[in-house]
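Before any comments, here is the structure.
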Amino acid sequence: MELTSITGLKGEVSIPGDKSISHRSVMFASLANGMTEIHNFLSGADCLATIDCFRKMGIKIEEHQNRILVHGKGLHGLTAPSETLQVKNSGTTTRLLSGILAGQPFSTSLSGDESLNSRPMKRIIEPLTQMGAHISSLHGNGCAPLVIEPGKLHGIHYTSPVASAQVKSCILLAGLYADGETSVTEPILSRNHTELMLKEFGADIRTVHQLAGSEATSVIQPCPELHGQKITVPGDISSAAYFIAAGLLVPDSEILVKNVGINPTRAGLLKVCEDMGGNITLLNERTEAGEKMADILVRSSQLHGISIHGDIIPTLIDEIPIIAVMAACAEGTTIIRDAQELRVKETDRIETITDNLIAMGCSVLPTEDGMVIKGGEPLKGATIHTLLDHRIAMAFSIAALVADGRTKILDSHCIDVSYPGFYDAFEHLL
Ligand code: S3P
(Lines give C-alpha, C1' and ligand atoms only; values in the text may rest on other atoms or scores of the structure.)
Protein backbone atom coordinates (compact mmCIF):
# COMPACT_ATOMS: atom_id res chain seq x y z
CA MET A 1 0.00 0.00 0.00
CA GLU A 2 1.27 3.50 -0.88
CA LEU A 3 0.00 6.55 1.00
CA THR A 4 0.53 10.32 1.01
CA SER A 5 -0.55 13.09 3.37
CA ILE A 6 -4.14 14.36 3.53
CA THR A 7 -6.21 16.94 5.38
CA GLY A 8 -9.77 17.18 6.61
CA LEU A 9 -11.00 13.72 7.64
CA LYS A 10 -14.73 14.14 8.31
CA GLY A 11 -17.61 11.81 9.16
CA GLU A 12 -18.56 8.72 11.15
CA VAL A 13 -16.92 5.33 11.33
CA SER A 14 -18.29 2.15 12.95
CA ILE A 15 -15.59 -0.03 14.37
CA PRO A 16 -15.50 -3.83 13.77
CA GLY A 17 -15.94 -6.14 16.74
CA ASP A 18 -13.35 -6.46 19.47
CA LYS A 19 -10.78 -9.16 18.68
CA SER A 20 -10.34 -10.37 22.28
CA ILE A 21 -14.09 -10.55 22.86
CA SER A 22 -14.77 -12.23 19.49
CA HIS A 23 -12.30 -15.03 20.28
CA ARG A 24 -13.83 -15.60 23.68
CA SER A 25 -17.39 -15.57 22.35
CA VAL A 26 -16.69 -18.50 20.00
CA MET A 27 -14.70 -20.44 22.59
CA PHE A 28 -17.25 -20.14 25.39
CA ALA A 29 -20.17 -20.67 23.01
CA SER A 30 -18.59 -23.93 21.81
CA LEU A 31 -18.38 -25.13 25.42
CA ALA A 32 -21.92 -24.02 26.27
CA ASN A 33 -25.11 -26.02 25.99
CA GLY A 34 -27.37 -24.76 23.21
CA MET A 35 -26.95 -22.09 20.60
CA THR A 36 -25.10 -18.79 20.94
CA GLU A 37 -25.78 -15.94 18.54
CA ILE A 38 -22.90 -13.49 18.17
CA HIS A 39 -23.40 -10.08 16.56
CA ASN A 40 -20.61 -7.80 15.30
CA PHE A 41 -18.16 -10.71 15.38
CA LEU A 42 -14.74 -9.74 14.03
CA SER A 43 -14.13 -11.77 10.88
CA GLY A 44 -10.38 -11.11 10.97
CA ALA A 45 -7.87 -13.87 10.31
CA ASP A 46 -7.10 -14.42 14.03
CA CYS A 47 -10.72 -14.97 15.04
CA LEU A 48 -11.36 -17.13 11.97
CA ALA A 49 -8.49 -19.34 13.17
CA THR A 50 -10.39 -19.81 16.44
CA ILE A 51 -13.55 -20.78 14.53
CA ASP A 52 -11.55 -23.24 12.43
CA CYS A 53 -10.08 -24.93 15.53
CA PHE A 54 -13.50 -25.49 17.09
CA ARG A 55 -14.96 -26.76 13.82
CA LYS A 56 -12.14 -29.31 13.75
CA MET A 57 -13.33 -30.42 17.20
CA GLY A 58 -16.87 -31.08 16.01
CA ILE A 59 -18.60 -27.74 16.69
CA LYS A 60 -21.04 -26.50 14.07
CA ILE A 61 -20.47 -22.78 13.50
CA GLU A 62 -22.47 -20.82 10.92
CA GLU A 63 -21.10 -17.54 9.54
CA HIS A 64 -23.60 -14.99 8.22
CA GLN A 65 -21.29 -12.02 7.54
CA ASN A 66 -20.52 -10.66 11.00
CA ARG A 67 -23.34 -12.62 12.67
CA ILE A 68 -22.20 -16.01 13.89
CA LEU A 69 -24.24 -18.95 15.19
CA VAL A 70 -22.42 -21.44 17.37
CA HIS A 71 -24.10 -24.75 18.17
CA GLY A 72 -22.42 -25.49 21.50
CA LYS A 73 -22.08 -29.07 22.68
CA GLY A 74 -21.35 -28.49 26.36
CA LEU A 75 -18.15 -28.57 28.40
CA HIS A 76 -17.55 -32.21 27.49
CA GLY A 77 -18.82 -32.11 23.90
CA LEU A 78 -15.60 -31.46 21.94
CA THR A 79 -14.27 -34.33 19.85
CA ALA A 80 -10.66 -35.19 18.95
CA PRO A 81 -9.45 -33.30 15.85
CA SER A 82 -7.98 -35.49 13.13
CA GLU A 83 -5.11 -33.06 12.46
CA THR A 84 -2.97 -30.36 14.10
CA LEU A 85 -4.99 -27.30 15.07
CA GLN A 86 -3.70 -24.30 13.07
CA VAL A 87 -3.70 -21.13 15.16
CA LYS A 88 -1.95 -19.03 12.47
CA ASN A 89 -0.78 -15.66 13.92
CA SER A 90 -3.05 -15.73 16.96
CA GLY A 91 -1.57 -15.69 20.47
CA THR A 92 -5.04 -15.47 22.02
CA THR A 93 -6.20 -18.62 20.21
CA THR A 94 -3.04 -20.47 21.24
CA ARG A 95 -3.02 -19.58 24.91
CA LEU A 96 -6.74 -19.68 25.69
CA LEU A 97 -7.32 -22.82 23.65
CA SER A 98 -4.44 -24.57 25.45
CA GLY A 99 -6.28 -24.07 28.75
CA ILE A 100 -9.41 -25.67 27.27
CA LEU A 101 -7.49 -28.51 25.61
CA ALA A 102 -5.70 -29.35 28.87
CA GLY A 103 -9.09 -30.43 30.23
CA GLN A 104 -10.07 -32.71 27.32
CA PRO A 105 -9.91 -36.52 27.34
CA PHE A 106 -8.07 -36.60 23.97
CA SER A 107 -4.65 -35.53 22.65
CA THR A 108 -4.17 -32.47 20.47
CA SER A 109 -1.37 -30.58 18.85
CA LEU A 110 -1.45 -26.94 17.93
CA SER A 111 0.82 -24.88 15.71
CA GLY A 112 0.98 -21.40 14.17
CA ASP A 113 2.91 -19.28 11.71
CA GLU A 114 6.59 -18.36 12.10
CA SER A 115 5.89 -15.41 14.40
CA LEU A 116 3.47 -17.36 16.60
CA ASN A 117 5.80 -20.33 16.85
CA SER A 118 8.53 -18.09 18.24
CA ARG A 119 6.43 -16.47 20.99
CA PRO A 120 6.89 -17.61 24.62
CA MET A 121 4.57 -20.41 25.76
CA LYS A 122 6.39 -21.37 28.98
CA ARG A 123 4.18 -18.78 30.62
CA ILE A 124 1.22 -21.16 30.10
CA ILE A 125 3.09 -24.48 30.11
CA GLU A 126 4.26 -23.89 33.69
CA PRO A 127 0.92 -23.13 35.36
CA LEU A 128 -0.94 -25.76 33.33
CA THR A 129 1.67 -28.33 34.35
CA GLN A 130 1.18 -27.31 38.00
CA MET A 131 -2.52 -28.06 37.49
CA GLY A 132 -1.67 -31.60 36.32
CA ALA A 133 -1.89 -30.97 32.57
CA HIS A 134 0.39 -32.80 30.16
CA ILE A 135 1.53 -30.06 27.82
CA SER A 136 4.86 -29.78 26.07
CA SER A 137 6.66 -27.78 23.46
CA LEU A 138 7.31 -30.09 20.47
CA HIS A 139 10.82 -28.72 19.84
CA GLY A 140 11.61 -28.25 23.56
CA ASN A 141 12.16 -24.51 23.09
CA GLY A 142 9.19 -23.33 25.15
CA CYS A 143 7.29 -22.32 22.02
CA ALA A 144 4.56 -23.81 19.82
CA PRO A 145 4.00 -26.32 18.25
CA LEU A 146 2.44 -27.56 21.50
CA VAL A 147 1.33 -31.10 22.26
CA ILE A 148 -1.40 -31.55 24.86
CA GLU A 149 -2.27 -34.99 26.27
CA PRO A 150 -5.13 -35.84 28.62
CA GLY A 151 -4.43 -35.15 32.30
CA LYS A 152 -6.43 -34.83 35.52
CA LEU A 153 -6.58 -31.18 36.50
CA HIS A 154 -6.40 -29.80 40.04
CA GLY A 155 -7.37 -26.35 41.18
CA ILE A 156 -4.32 -24.18 41.99
CA HIS A 157 -3.55 -20.69 43.06
CA TYR A 158 -1.14 -19.15 40.57
CA THR A 159 0.73 -15.89 40.97
CA SER A 160 1.51 -14.68 37.48
CA PRO A 161 4.73 -12.72 37.03
CA VAL A 162 3.16 -10.79 34.13
CA ALA A 163 -0.11 -8.92 33.73
CA SER A 164 -1.31 -11.03 30.81
CA ALA A 165 -4.95 -11.72 30.03
CA GLN A 166 -3.91 -14.62 27.83
CA VAL A 167 -2.08 -16.34 30.68
CA LYS A 168 -4.84 -15.55 33.18
CA SER A 169 -7.59 -16.74 30.81
CA CYS A 170 -5.71 -19.92 29.94
CA ILE A 171 -5.55 -20.91 33.61
CA LEU A 172 -9.14 -19.89 34.36
CA LEU A 173 -10.42 -21.93 31.40
CA ALA A 174 -8.47 -24.98 32.57
CA GLY A 175 -10.10 -24.24 35.94
CA LEU A 176 -13.49 -25.04 34.41
CA TYR A 177 -12.24 -28.65 34.26
CA ALA A 178 -10.35 -28.77 37.58
CA ASP A 179 -11.38 -30.66 40.73
CA GLY A 180 -11.44 -27.52 42.90
CA GLU A 181 -11.16 -23.74 42.97
CA THR A 182 -8.58 -22.12 40.65
CA SER A 183 -7.31 -18.59 41.12
CA VAL A 184 -4.82 -16.32 39.40
CA THR A 185 -3.19 -13.27 40.93
CA GLU A 186 -1.60 -10.83 38.53
CA PRO A 187 0.53 -7.79 39.35
CA ILE A 188 -1.89 -5.42 37.60
CA LEU A 189 -5.42 -6.29 36.47
CA SER A 190 -5.20 -7.20 32.76
CA ARG A 191 -8.18 -7.08 30.37
CA ASN A 192 -11.07 -8.86 32.09
CA HIS A 193 -13.25 -9.97 29.16
CA THR A 194 -12.94 -13.64 30.16
CA GLU A 195 -14.25 -12.94 33.64
CA LEU A 196 -17.13 -10.75 32.40
CA MET A 197 -18.22 -13.09 29.62
CA LEU A 198 -17.83 -16.40 31.47
CA LYS A 199 -20.08 -14.96 34.17
CA GLU A 200 -22.72 -14.22 31.52
CA PHE A 201 -22.44 -17.85 30.36
CA GLY A 202 -23.18 -18.98 33.95
CA ALA A 203 -19.73 -19.72 35.38
CA ASP A 204 -18.98 -19.04 39.05
CA ILE A 205 -16.15 -16.53 38.59
CA ARG A 206 -15.18 -13.35 40.42
CA THR A 207 -12.33 -10.87 40.66
CA VAL A 208 -11.03 -9.71 44.00
CA HIS A 209 -9.06 -6.48 43.94
CA GLN A 210 -6.44 -6.66 46.65
CA LEU A 211 -5.05 -3.17 46.08
CA ALA A 212 -7.16 -0.61 44.27
CA GLY A 213 -6.14 -0.23 40.65
CA SER A 214 -3.27 -2.67 40.82
CA GLU A 215 -2.84 -6.31 41.94
CA ALA A 216 -5.94 -8.41 41.36
CA THR A 217 -7.03 -12.04 41.75
CA SER A 218 -9.61 -13.82 39.60
CA VAL A 219 -11.20 -16.93 41.08
CA ILE A 220 -13.19 -19.64 39.25
CA GLN A 221 -14.99 -22.73 40.51
CA PRO A 222 -15.21 -25.93 38.45
CA CYS A 223 -18.32 -25.57 36.37
CA PRO A 224 -21.18 -28.03 35.78
CA GLU A 225 -22.35 -26.28 32.62
CA LEU A 226 -22.35 -23.07 30.56
CA HIS A 227 -25.47 -21.78 28.77
CA GLY A 228 -25.72 -20.39 25.22
CA GLN A 229 -26.10 -16.60 25.02
CA LYS A 230 -26.89 -13.75 22.69
CA ILE A 231 -23.78 -11.56 22.45
CA THR A 232 -23.14 -8.23 20.79
CA VAL A 233 -19.42 -7.63 20.49
CA PRO A 234 -18.39 -3.98 21.15
CA GLY A 235 -16.18 -2.25 18.59
CA ASP A 236 -12.49 -2.86 19.23
CA ILE A 237 -10.78 0.08 20.93
CA SER A 238 -7.50 -1.25 19.54
CA SER A 239 -8.90 -0.72 16.02
CA ALA A 240 -10.64 2.55 16.94
CA ALA A 241 -7.23 3.78 18.07
CA TYR A 242 -6.09 4.37 14.46
CA PHE A 243 -9.11 6.57 13.71
CA ILE A 244 -8.75 8.41 17.00
CA ALA A 245 -5.10 9.12 16.20
CA ALA A 246 -5.94 10.13 12.62
CA GLY A 247 -8.64 12.50 13.88
CA LEU A 248 -6.17 14.13 16.27
CA LEU A 249 -3.20 14.33 13.89
CA VAL A 250 -4.67 15.10 10.46
CA PRO A 251 -5.36 18.86 10.24
CA ASP A 252 -8.96 20.07 10.03
CA SER A 253 -10.51 16.71 11.00
CA GLU A 254 -13.61 15.78 12.97
CA ILE A 255 -14.49 12.07 13.27
CA LEU A 256 -17.19 10.30 15.26
CA VAL A 257 -15.88 6.83 16.06
CA LYS A 258 -18.96 4.75 16.92
CA ASN A 259 -19.65 1.78 19.22
CA VAL A 260 -16.24 1.54 20.86
CA GLY A 261 -15.64 -0.76 23.84
CA ILE A 262 -14.22 1.35 26.67
CA ASN A 263 -13.79 -1.34 29.34
CA PRO A 264 -11.44 0.35 31.85
CA THR A 265 -8.95 -2.54 31.50
CA ARG A 266 -8.59 -1.54 27.82
CA ALA A 267 -9.13 2.20 27.70
CA GLY A 268 -5.73 3.62 28.70
CA LEU A 269 -5.42 5.15 25.24
CA LEU A 270 -8.21 7.62 26.04
CA LYS A 271 -6.35 8.93 29.08
CA VAL A 272 -3.14 9.21 27.07
CA CYS A 273 -4.94 11.21 24.37
CA GLU A 274 -6.32 13.58 27.01
CA ASP A 275 -2.96 13.89 28.77
CA MET A 276 -1.31 14.72 25.43
CA GLY A 277 -3.84 17.51 24.89
CA GLY A 278 -6.13 15.66 22.47
CA ASN A 279 -9.66 16.95 21.91
CA ILE A 280 -11.79 13.84 22.46
CA THR A 281 -15.31 13.60 23.89
CA LEU A 282 -17.15 10.45 24.97
CA LEU A 283 -20.82 10.38 23.92
CA ASN A 284 -23.67 7.94 24.47
CA GLU A 285 -21.88 5.97 27.21
CA ARG A 286 -23.58 2.65 28.02
CA THR A 287 -22.91 -0.85 29.37
CA GLU A 288 -23.86 -4.11 27.62
CA ALA A 289 -23.22 -7.50 29.25
CA GLY A 290 -20.76 -5.89 31.63
CA GLU A 291 -18.77 -4.21 28.83
CA LYS A 292 -18.74 -0.39 28.72
CA MET A 293 -19.18 1.28 25.34
CA ALA A 294 -19.28 4.81 23.91
CA ASP A 295 -19.09 6.84 20.73
CA ILE A 296 -15.93 8.96 20.60
CA LEU A 297 -15.83 12.38 18.98
CA VAL A 298 -12.31 13.37 17.91
CA ARG A 299 -11.08 16.74 16.61
CA SER A 300 -7.65 17.79 15.31
CA SER A 301 -5.40 18.82 18.16
CA GLN A 302 -1.85 19.96 18.84
CA LEU A 303 -0.40 17.19 21.04
CA HIS A 304 2.46 17.39 23.53
CA GLY A 305 4.78 14.71 24.85
CA ILE A 306 4.10 12.89 28.16
CA SER A 307 5.47 10.06 30.28
CA ILE A 308 3.58 6.72 30.08
CA HIS A 309 4.46 4.02 32.61
CA GLY A 310 3.22 1.83 35.47
CA ASP A 311 -0.32 0.52 35.97
CA ILE A 312 -1.69 2.07 32.78
CA ILE A 313 0.55 -0.02 30.50
CA PRO A 314 -1.58 -3.23 30.40
CA THR A 315 -4.63 -1.08 29.52
CA LEU A 316 -2.99 0.20 26.33
CA ILE A 317 -0.34 -2.39 25.47
CA ASP A 318 -1.69 -3.04 21.94
CA GLU A 319 -2.03 0.70 21.28
CA ILE A 320 1.64 1.55 21.86
CA PRO A 321 2.53 1.44 18.13
CA ILE A 322 -0.04 4.16 17.37
CA ILE A 323 0.75 6.07 20.59
CA ALA A 324 4.38 6.14 19.42
CA VAL A 325 3.24 7.68 16.13
CA MET A 326 1.22 10.29 18.05
CA ALA A 327 4.31 10.98 20.19
CA ALA A 328 6.42 11.48 17.07
CA CYS A 329 3.97 14.19 15.97
CA ALA A 330 3.67 15.79 19.42
CA GLU A 331 5.72 18.72 20.70
CA GLY A 332 8.40 17.59 23.15
CA THR A 333 9.51 14.22 24.45
CA THR A 334 7.40 11.14 25.24
CA ILE A 335 8.85 8.46 27.49
CA ILE A 336 7.31 4.96 27.51
CA ARG A 337 8.46 2.61 30.29
CA ASP A 338 7.34 -0.71 31.89
CA ALA A 339 6.28 -2.05 28.48
CA GLN A 340 8.76 -4.94 28.11
CA GLU A 341 5.81 -7.16 26.99
CA LEU A 342 6.09 -5.33 23.65
CA ARG A 343 9.14 -7.49 22.95
CA VAL A 344 7.01 -10.68 22.76
CA LYS A 345 4.08 -9.52 20.64
CA GLU A 346 3.58 -10.39 16.95
CA THR A 347 6.98 -8.76 16.47
CA ASP A 348 9.42 -7.22 18.95
CA ARG A 349 7.43 -4.00 18.81
CA ILE A 350 10.09 -1.91 20.56
CA GLU A 351 12.34 -2.71 17.58
CA THR A 352 9.72 -2.49 14.83
CA ILE A 353 8.37 0.84 16.10
CA THR A 354 11.84 2.31 16.58
CA ASP A 355 13.20 1.20 13.21
CA ASN A 356 10.21 2.51 11.29
CA LEU A 357 10.00 5.84 13.17
CA ILE A 358 13.71 6.38 12.52
CA ALA A 359 13.08 5.62 8.82
CA MET A 360 10.51 8.45 8.87
CA GLY A 361 13.06 10.87 10.33
CA CYS A 362 11.99 10.79 13.99
CA SER A 363 14.51 10.68 16.81
CA VAL A 364 13.78 7.59 18.97
CA LEU A 365 15.84 5.81 21.58
CA PRO A 366 14.75 2.23 22.29
CA THR A 367 15.12 1.01 25.88
CA GLU A 368 14.75 -2.46 27.40
CA ASP A 369 11.13 -1.77 28.42
CA GLY A 370 10.00 1.04 26.14
CA MET A 371 11.33 4.02 24.22
CA VAL A 372 12.07 7.72 24.34
CA ILE A 373 10.56 9.63 21.41
CA LYS A 374 11.53 13.21 20.58
CA GLY A 375 8.51 14.61 18.76
CA GLY A 376 7.79 17.69 16.76
CA GLU A 377 10.04 17.30 13.68
CA PRO A 378 7.98 16.73 10.50
CA LEU A 379 7.82 13.04 9.50
CA LYS A 380 8.97 12.13 6.01
CA GLY A 381 7.59 9.37 3.80
CA ALA A 382 9.50 6.08 3.95
CA THR A 383 9.28 2.36 3.27
CA ILE A 384 7.75 0.70 6.32
CA HIS A 385 8.86 -2.82 7.19
CA THR A 386 5.85 -4.27 8.99
CA LEU A 387 7.38 -7.73 9.43
CA LEU A 388 3.77 -8.91 8.97
CA ASP A 389 2.67 -7.21 12.21
CA HIS A 390 -0.87 -5.87 11.68
CA ARG A 391 -0.60 -3.15 14.31
CA ILE A 392 2.67 -1.84 12.86
CA ALA A 393 1.05 -1.70 9.41
CA MET A 394 -1.96 0.28 10.69
CA ALA A 395 0.00 2.62 12.99
CA PHE A 396 2.41 3.60 10.21
CA SER A 397 -0.45 4.03 7.75
CA ILE A 398 -1.60 6.85 10.04
CA ALA A 399 1.93 8.25 10.23
CA ALA A 400 1.89 8.29 6.40
CA LEU A 401 -1.19 10.54 6.42
CA VAL A 402 0.82 13.34 8.06
CA ALA A 403 4.26 12.68 6.52
CA ASP A 404 5.90 14.68 3.72
CA GLY A 405 6.09 12.58 0.56
CA ARG A 406 5.10 9.02 -0.19
CA THR A 407 5.06 6.12 2.29
CA LYS A 408 5.07 2.49 1.26
CA ILE A 409 3.66 -0.03 3.76
CA LEU A 410 5.18 -3.43 2.96
CA ASP A 411 2.95 -6.52 3.38
CA SER A 412 -0.04 -4.36 4.30
CA HIS A 413 -2.30 -7.40 3.78
CA CYS A 414 -1.29 -8.46 7.32
CA ILE A 415 -3.89 -5.91 8.51
CA ASP A 416 -6.50 -8.61 7.80
CA VAL A 417 -5.42 -10.26 11.06
CA SER A 418 -7.54 -7.76 13.00
CA TYR A 419 -9.12 -5.26 10.58
CA PRO A 420 -10.20 -6.43 7.12
CA GLY A 421 -11.51 -3.31 5.34
CA PHE A 422 -9.25 -0.90 7.25
CA TYR A 423 -8.31 1.22 4.22
CA ASP A 424 -11.91 1.21 2.88
CA ALA A 425 -13.11 2.65 6.21
CA PHE A 426 -10.73 5.62 5.68
CA GLU A 427 -12.06 6.22 2.16
CA HIS A 428 -15.44 7.15 3.71
CA LEU A 429 -13.83 9.94 5.73
CA LEU A 430 -12.12 11.68 2.81
C1 S3P B 1 -5.11 -10.39 24.54
C2 S3P B 1 -4.26 -10.05 25.54
C3 S3P B 1 -3.04 -9.24 25.34
C4 S3P B 1 -3.07 -8.53 24.02
C5 S3P B 1 -3.51 -9.39 22.90
C6 S3P B 1 -4.90 -9.93 23.16
C7 S3P B 1 -6.29 -11.22 24.85
O8 S3P B 1 -1.92 -10.11 25.35
O9 S3P B 1 -1.80 -7.97 23.74
O10 S3P B 1 -3.51 -8.69 21.69
O11 S3P B 1 -7.21 -11.32 24.01
O12 S3P B 1 -6.35 -11.77 25.96
P13 S3P B 1 -1.22 -10.56 26.74
O14 S3P B 1 -2.21 -11.33 27.50
O15 S3P B 1 -0.07 -11.43 26.32
O16 S3P B 1 -0.80 -9.30 27.40
Practice task
Starting from the Cα of Gln86, step 7 Å along the direction of its Cβ; do the same at Glu427; then give the gap between the two resulting points in nm.
Solution key: 2.9 nm
Practice task
Calculate how large, on average over all directions, the projected area of the Cα convex hull of the stretch 19-232 is; give the answer in nm² to one decimal.
Solution key: 10.3 nm²
Practice task
Using just the alpha carbons, could you tell me how many Å³ per residue the convex hull of the stretch 181-230 encloses?
Solution key: 64 Å³
Exercise for the section: Give the percent of DSSP beta bridges with both residues in the chain that are antiparallel, rounded to the nearest 5. Expected result: 70 percent
Problem - Added length on full extension, which subtracts the Cα-Cα distance from 0.36 nm per residue, Thr383 to Asn66 - result: 110.8 nm
Fill in the blank from the handout: The local net charge around Ser109, scoring Lys/Arg +1 and Asp/Glu -1 for residues other than Ser109 whose Cβ lies under 11 Å from its Cβ, equals -2
Fill in the blank from the handout: Mean accessible area per residue over the chain (1.4 angstrom probe, all protein chains present, square angstrom) is 36 Å²
Practice task
Enumerate the lysines that Lys73 could reach by cross-link, defined here as Cα to Cα under 26 Å, with residues fewer than 8 away along the same chain left out.
Solution key: Lys19, Lys56, Lys60, Lys88, Lys152, Lys168, Lys199, Lys230
Practice task
Lys and Arg at +1, Asp and Glu at -1: add these up for the other residues within a Cβ distance under 13 Å of Val219 and post the number.
Solution key: -1
Fill in the blank from the handout: TM-like helix rule applied to the chain (DSSP H, alpha carbon span at least 18 Å on the long axis, mean Kyte-Doolittle at least -0.5) gives 19-31
Exercise for the section: Let me know the charge dipole size of the chain about its Cα centre in debye, to the nearest 20, where only the beta-carbon of Lys, Arg (+1) and Asp, Glu (-1) is charged. Expected result: 520 debye
Handout entry: Residue-averaged [θ]222 nm for the chain, counting only DSSP H segments that reach four residues, each worth -39500 (n - 2.57)
Key = -8500 deg cm²/dmol
Fill in the blank from the handout: Full extension between His39 and Ser214 adds, at 0.36 nm per residue less the Cα distance, a length in nm of 59.8 nm
Completion exercise
Here the stretch 76-90 yields Karplus 3J(HN,Hα) values (6.51, -1.76, 1.60; θ = phi - 60°; whole Hz; Gly and Pro given as x) of 10, x, 6, 10, 5, x, 8, 9, 4, 6, 9, 9, 6, 9, 9
Practice task
Tell me the trypsin sites (Lys or Arg not before Pro) within the stretch 265-354 that lie in a loop according to DSSP and have at most 16 other beta-carbon atoms within 10 Å.
Solution key: Arg337
Problem - Carbon and sulfur %, accessible surface of the stretch 19-232 computed with the full protein complex present, 1.4 Å - result: 50 percent
Fill in the blank from the handout: In this structure, the FRET efficiency calculated for Asp179 and Arg206 from their beta-carbon separation, with R0 = 30 Å, to the nearest 0.05, is 0.95
Problem - Distance (nanometres) between label positions extended 7 Å along Cα→Cβ at His139 and Asp252 - result: 5.3 nm
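The values are calculated or read from the model by the stated rules, or taken from the named source; none is laboratory data. Bear in mind that the values here come from a model prediction, so they are computed numbers and not experimental data. For neighbour counting, all protein chains shown are included, and Cβ atoms are generated from backbone atoms with ideal geometry for every residue, glycine included. In case anyone asks, the SASA skips ligands and DNA or RNA and just uses the protein heavy atoms, side chains included. Shrake-Rupley method; radii C 1.70, N 1.55, O 1.52, S 1.80 Å.
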